[in-house]
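Only one structure is covered here, and it is reproduced in the block below.
Readers should treat all values here as calculations from the given coordinates under stated rules, not as data from a laboratory. Keep in mind the model is a prediction, meaning the values are calculated, not measured. Cβ placement follows ideal geometry from the backbone for every residue including glycine, while neighbour counts extend to all protein chains displayed.
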Amino acid sequence: MDALRIRGGKRLKGEWTVQNAKNAALPIMAGAILTEGKTVLRDCPRLSDISDMGEILRTLGCGVHRDGGTLEIDPGGLCGYEMPEELSKRIRSSIFLLGPILARFRRANVSLPGGCEIGLRPIDLHLSGLRQLGVQMEEEGGVIRCDGRNMHPATVHFDYPSVGATENIMLISAVSRGETVITNAACEPEIICLQEFLNEMGADIRGAGSEKIYISGVEKLRKVEYTIISDRIFAATCAAAAACCGGDVLLKNTEPSHMRLMLSMLRDAGCRVNCTDDSVRIRACDRLRGLGKIITAPYPGFPTDAQAPFMSALCTADGTTVFVENIFESRYKHVSELVRMGADIIVDGRLAVITGCNYIQGARVCASDLRGGAALVVAGLSAIGDTVVDGAEHIDRGYEKIERVFECIGATIKRV
C-alpha cells in the first residue's frame, strides 16, 4: 500500500486547476447505459472509484475506454442485469446502476454497496423511491432482486433529501412512461449536472436544484459528449490547506457559487477570498480564527465531505470551533490521528470540539476513509516536521494524484 510523506511548515503559493467532480461523474457513468449510443465524458478524473465503476460496466457488457482525460462508454453490448458482488462491495456508487438497469431490463440484481466505513449508508431511500414507482423487491443473501415489470409514474417523496436516491429516480424516470415528480429532492450542484447531462441526451427534466423535480419520460435517449462540473470538495480541501499554511493559492476551474458557505467561513476565519466566474483565490492570515459552530447539512448547508479538511485547518486556529456532524454518525475517525499530531479535540457523539493550539507535530498516521485521509494530508502540510500518511488508497478514491497537486503549489510531499 502507498503512503504519503510530507515535510510540513511550507507556505503554499501558486495556482492549480481543480479536477472535475467524481460525485457528478459516477451517476453520469451509470446514466450512459440508458442510450444505445456512445457517451463521451471530457476531463474525467483518474480516480479508483471511476475505474471501479468502469469495471462494473465492463462486466455488464459495456465497452469502456479511456484516452487521457476522455472516457468513452459504449453500452451496445449491455447484456447483464446482475452487478458483480465483489466490485459492488468496493464502491458504494454502484447503487446508481440500479435505476438504469431496471429501466433497460425491468429486472436488476444488486449486492449491497460498499465504500468508506464512515457510518451507516442505508439504501432504504433508493429502495423506497423505486417502490413508489411500482418496483417489487426481495432480499436474499445480501442481494436485492428487483422486478420492475409493473413500474408506473408517481410522485416520489423522500423523508430525507438524499443525493443518491434523487439521482437514481431521475435516471430511471428519464426513460419511463408518464410524468414522475420528486418531492423533498436533494438540491446539490451534482443534481443539476445530472439533469443537464440527461437533457442533452434528449430527456425532459425540470426543477433540479430545487426541492421538486419534474420528469417527463421519453422513449429513448441519444448519444452525447459532456464535460462534468468541477469538484467543489477538492477545491475546499485545497482552500483549507492554503488557509492553515499561510498560503496564497489560486484555484482555477472552480465554481464559487457551489462553495458559497465554505468560502464565507474562510473569510470569517481571517482569509482574504477573491472570486471570479471560474476561480477562487485564497490568501491566508498569519493564524486563523476559530469559527464557533459548524453544522453539516444537505446543500446549501455545510457539506459533510468538507468537515474533515476544515477541522484539520482549524486545529491551529486562535479559539474554539465546534463541529456538529448531522449526516454520518462515524465521520470522526480522523480525530484520533489528529490528536496523535498534538491537536486538542474532544468528541462527544456527533459533536467535536476543537481548541486551537499553537502548532501540531508531524507523526505517522493512517487514513481510514477518503475525506479523513485528505484531512490528514492537510494537517501534515501545516505540521512541524515530517508526517507519513498511510492508506493513500483511500485518498485516491477522490483525489487524482494529491501529492502532485500540493507539490505544484509549494509543498514537500512524495508518494512512497
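Would you please report the Å³ per residue occupied by the convex hull of the alpha carbon atoms in the stretch 3-90?
With only Cα atoms used, the stretch 3-90 gives 125 Å³ per residue.
Between Arg267 and Glu219, what length in nm is gained on full extension when 0.36 nm per residue of separation is reduced by their alpha carbon distance?
Full extension from Arg267 to Glu219 adds 12.4 nm.
List the residues, sorted by chain then number, that are 5 or more residues from Gly247 or on another chain and whose placed amide H is less than 5 Å from its amide H.
Leu12, Ala284
Given H placed on each backbone N at 1.01 Å, which residues far from Glu82 in sequence or on other chains put an amide H within less than 5 Å of it?
For Glu82, the qualifying residues are Asn109.
Need one number: convex hull volume per residue for the chain, Cα atoms only, in Å³.
So the per-residue Cα hull volume is 122 Å³.
Specify which residue in the list Thr304, Gly129, Ile205 is farthest towards the positive end of the charge dipole of the chain, using unit charges on the beta carbon of Lys, Arg (+1) and Asp, Glu (-1), about the Cα centre.
Farthest towards the positive end: Thr304.
Is it possible to state the helix-based mean residue ellipticity at 222 nm for the chain, with each DSSP H run of 4+ residues giving -39500 (n - 2.57), the sum divided by total residues, to the nearest 500 deg cm²/dmol? What is it?
Helix-only estimate at 222 nm: -9000 deg cm²/dmol.
How would you order 90-97, 193-200 from highest to lowest mean count of nearby Cβ atoms within 10 Å?
My ranking of the peptides, most packed first, is 90-97, 193-200.
Asp204 label point, 7 Å along Cα→Cβ, cut-off 17 Å on backbone N: hits in the stretch 169-185?
Hits in the stretch 169-185 for Asp204 at 17 Å: 170-182.
State the Cα centre-to-centre distance between the stretch 291-336 and the stretch 170-186 in whole Å.
So the separation of the two Cα centres works out to 33 Å.
On C-alpha positions alone, give me the angle between the axis of helix 22-31 and the longest principal axis of the chain, in degrees, nearest 10.
In the chain, helix 22-31 runs at an angle near 10 degrees to the longest axis.
How big is the dipole moment of the stretch 264-321 about its Cα centre under a simple scheme where the beta carbon of each Lys and Arg is +1, that of each Asp and Glu is -1, and everything else is neutral? Debye, nearest 20, please.
Once rounded to the nearest 20, the dipole reads 200 debye.
Can you give the charge dipole size of the chain about its Cα centre, rounded to the nearest 20 debye, using +1 on the beta carbon of Lys and Arg and -1 on the beta carbon of Asp and Glu?
Charge dipole, the chain, about its Cα centre: 740 debye, nearest 20.
Which distance in nm do the two modelled labels at Asp124 and Arg177 give, with both placed 7 Å along the Cα-to-Cβ direction?
In this crude label model, Asp124 to Arg177 measures out at 3.4 nm.
With θ taken as phi - 60° and the coefficients 6.51, -1.76 and 1.60, list the Karplus ³J(HN,Hα) couplings across the stretch 141-148 in order, rounded to whole Hz; mark glycine and proline as x.
Coupling constants for the stretch 141-148: x, x, 10, 9, 9, 10, 10, x Hz.
What residue among Glu403, Glu325, Glu140 shows peak mean-square fluctuation when the chain is described by a Gaussian network model with Cα springs under 10 Å?
Sorting by GNM fluctuation, first place goes to Glu140.
Applying the Karplus parametrisation 6.51 cos²θ - 1.76 cosθ + 1.60 with θ = phi - 60° to the phi angles of the stretch 396-413, what ³J(HN,Hα) value in whole Hz is obtained for each residue in order, glycine and proline being reported as x?
Those phi angles translate into 5, 5, x, 10, 7, 6, 4, 5, 5, 4, 6, 4, 6, 10, x, 7, 9, 8 Hz.
Need one number: nm distance between label points at Asp278 and Asp386, each 7 Å from Cα along Cα→Cβ, rounded to one decimal.
4.1 nm
Search the structure for amide H atoms under 5 Å from the amide H of Ser279, placed 1.01 Å from N in the peptide plane, and list their residues when 5 or more places away or on another chain.
Thr254
With θ taken as phi - 60° and the coefficients 6.51, -1.76 and 1.60, list the Karplus ³J(HN,Hα) couplings across the stretch 343-354 in order, rounded to whole Hz; mark glycine and proline as x.
5, 9, 10, 10, 10, 9, x, 8, 9, 10, 9, 10
Apply the a/c threshold of 1.5 to the C-alpha gyration tensor of the stretch 269-389 and tell me whether it is rounded, prolate or oblate.
It comes out rounded by the Cα gyration axes.
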